[in-house]
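The values are calculated or read from the model by the stated rules, or taken from the named source; none is laboratory data. All figures in this text were calculated on a predicted structure; none of them were measured in a lab. When we count neighbours, we look across all protein chains shown, and the Cβ atoms used for this are built from the backbone with ideal geometry, even at glycine. Note: accessible area is taken over every heavy atom of the protein model, side chains too, but ligands, DNA and RNA are not part of it. Shrake-Rupley method; radii C 1.70, N 1.55, O 1.52, S 1.80 Å.
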Amino acid sequence: MAQELKVIADFYDFTLWMIRHTEKFPRHHRYSLGMAIENRLQSILGLLLRAKYMREKGPVLAEANIELETLRFQIRLARDLKVLPVKSHGHAAEQTQSIGSQIGGWLKNRGAAR
């Protein structure tokens, strides 16, 4: 893969990690919460990729931030329903915090490539 923006590469890796966890959800939660999480992950990835190529990145990055916040609550719900182990939730929380900080930095620098 060509040199990618760190936030996009980190989010891609997190998406891959998270999907491997949602695949293990019990059937009932897999086809409701699991799919909702996976759809939101793909939505955020799409927003980050769109922002990479847009001149005015602010609105798209702001939307990505809102989607990321919703994802945090979905992941918390998965933990509370005991379909995501506490340790995995901790890792997910760290990753979403890091990615959120990167998106915030990108918003602040509007168009910086790093």
>> As I understand it, the value is the acute angle between the Cα axis of helix 58-80 and the longest principal axis of the Cα atoms of the chain; what does it come to in degrees, rounded to 10?
In response: 20 degrees
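Sort 41-50, 11-20 by packing, meaning the average of other beta carbons within 10 Å per residue, with the highest value first.
Result, highest mean first: 41-50, 11-20.
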> According to a simple spin-label model (label point 7 Å from Cα along Cα-to-Cβ), what is the distance in nm between Gln97 and Glu69?
Replying inline: 1.8 nm
>> Contact order normalised by length for the chain, with contacts defined as Cα pairs under 8 Å and 6 or more residues apart; what percent is it?
In response: 32 percent
>> 7 Å from Cα along Cα→Cβ at both Gln42 and Arg55: what's the point-to-point distance in nm?
In response: 3.1 nm
> How many lysine pairs does the chain hold where the Cα atoms are under 20 Å apart and the two sit 8 or more places apart or on different chains?
Replying inline: 7
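Percent of accessible area on the chain owned by carbon and sulfur, 1.4 Å probe?
The computed percentage sits at 54.
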> Magnitude of the Cβ-charge dipole of the chain, K/R +1 and D/E -1, about the Cα centre, nearest 20 debye?
Replying inline: 60 debye
>> For the stretch 26-65, compute Rg over Rh where Rg is the Cα radius of gyration and Rh is the Kirkwood radius from the inverse mean 1/r over Cα pairs.
In response: 1.20
> If you take the square roots of the eigenvalues of the alpha-carbon gyration tensor of the stretch 1-91 and sort them as a ≥ b ≥ c, do you get rounded (a/c under 1.5), prolate (a/b over b/c) or oblate?
Replying inline: prolate
> Per residue, how much accessible area does the chain have with a 1.4 Å probe, in Å²?
Replying inline: 61 Å²
